[in-house]
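Here's the structure we're looking at; comments come further down.
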Amino acid sequence: MVKFVSLATLVCALSVTTVSAKEMQDHNQMMNHGDGHLMDMDGGMVMGQNTDTLPGGCDKIAATKEITVHAGHKYSEKFPGTMFAFDQQEFQFEPCTKLTVHFINEDEIRHQWMMHGLPKYLYPKGMFHLEVSGPGKVSGTLILPPGDKTYLVHCDIAQHMEKGMKAQLKVGKGSEDLPSIPGVTAAIFPDDYSGRPYDPKLDAPAPSSAVVAPVVAAAPAPAPVADDSIVSGTTVIGLAIGFIAAPWLAKRFKGMSAGEIVATVLEQIAHGVGYVMQLIGKLIKMVSGKNVIALPDK
């Protein structure tokens, strides 16, 4: 009987050890599908890898860096209200850096380390993407673009980013901090753990104090004066700006084809429009305030 109990105890101990041990798979034998797309049948994937092509505006590799990023549920414990997280929430490198990322997933589910906003003429869909299904490690390399810009890094699995798995990567000085990065920037919609029920009196919007200005009829605008000069002031200013910007543009688009130049220009215009829309949104938010509109009583 004693022998049987001892044997059962040994089996249980071995079972517990086997369950608690987590095997980390190193995905280093992936198939190359072209265009920087590597993958294997065990759930490891790299998309947008670039080890040698310089982005437009980079004359050479400025530096060669490596980072190791861990992903998992345990890294979210220090951020209340989150479920998943990376072990780092902010990265910073100088422009034109050749960066190798070693991504380690410590959970039993799929996680990603995905970087957005890269030049689309060089990175398909403007993305660099690492993915591991279950506990494992995968590595990929990219060359960061020139300029000062902040890029979003996150896990694109449904609800993983919303539950905390996101970070920001600054190239150079960065452009601006991204909102709702755990431990780095404030949340756009902060969580409320007070448990206080909704109260129409407390949560009702404050009365508007805006003063309506009287409507004054505007005087008719003077008729535009025709410009009879051969070269107008606008033309002179445009030519001056062109001569000043020419050396910078030549360096920025060095080595790029006409199609790549057009794609880059359109991408910059899109970023500019998006930035203007953000400013308009912030202005509207400042004017309207953050008060909650009270629901009508039934």
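Coupling constants for the stretch 156-162 follow from the phi torsions by the Karplus curve (6.51 cos²θ - 1.76 cosθ + 1.60, θ = phi - 60°), and in residue order they are 8, 5, 3, 6, 5, 5, 4 Hz; glycine and proline get x.
For the stretch 44-121, trypsin sites (Lys or Arg not before Pro) meeting the loop criterion (DSSP other than H, G, I, E, B) and having at most 14 other Cβ atoms within 10 Å: LYS60, LYS78.
Applying the criteria of a DSSP loop state and at most 12 other Cβ atoms within 10 Å to the trypsin sites (Lys or Arg not before Pro) of the stretch 247-283 yields LYS254. Counting only other residues whose beta carbon sits under 11 Å from that of LYS173, what net charge do I get with K and R as +1, D and E as -1? Neighbour charge sum, excluding LYS173 itself: -1. Taking Lys and Arg as +1 and Asp and Glu as -1, the other residues whose beta-carbon sits under 13 Å from that of ASP59 total +4. The phi torsions of the stretch 109-126, fed into the Karplus equation with coefficients 6.51, -1.76 and 1.60 and a -60° offset, translate into couplings of 10, 7, 9, 9, 10, 10, 10, 10, x, 6, x, 6, 6, 10, 10, x, 6, x Hz, rounded to whole numbers, with Gly and Pro shown as x. Quick one: check the C-alpha center-to-center distance for the stretch 84-110 versus the stretch 134-156, whole angstrom. Using only Cα atoms, the two centres lie 6 Å from each other. With a threshold of 28 Å on the Cα-Cα distance, the over-threshold entries among LYS74/LYS149; LYS74/LYS98; LYS173/LYS251; LYS60/LYS166 are LYS74/LYS149; LYS74/LYS98; LYS60/LYS166. Give the cross-link partners of LYS201 among the lysines, using a straight C-alpha distance below 29 Å as the criterion and excluding same-chain residues fewer than 8 apart. Qualifying lysines at Cα under 29 Å: LYS282, LYS285, LYS290, LYS298. Between amide H atoms placed 1.01 Å from N, distances below 5 Å from GLY44 occur with SER133, all of them 5 or more places distant or on a separate chain. Taking all protein chains as shown and a probe of 1.4 angstrom, LEU249 keeps an accessible surface of around 70 Å².
Protein-only accessible surface at a 1.4 angstrom probe places the residues THR234, THR150 in the order THR234, THR150, largest first. With a cut-off of 11 Å between beta carbons, the residues surrounding LYS74 carry a summed charge of -3, where Lys and Arg count +1 and Asp and Glu -1.
The values are calculated or read from the model by the stated rules, or taken from the named source; none is laboratory data. Predicted, not measured: the structure shown is a model, and the values here were computed from it. Neighbour counts are summed over all protein chains in view; Cβ atoms, including those assigned to glycine, are modelled from backbone coordinates with ideal geometry. In case anyone asks, the SASA skips ligands and DNA or RNA and just uses the protein heavy atoms, side chains included. Shrake-Rupley method; radii C 1.70, N 1.55, O 1.52, S 1.80 Å.
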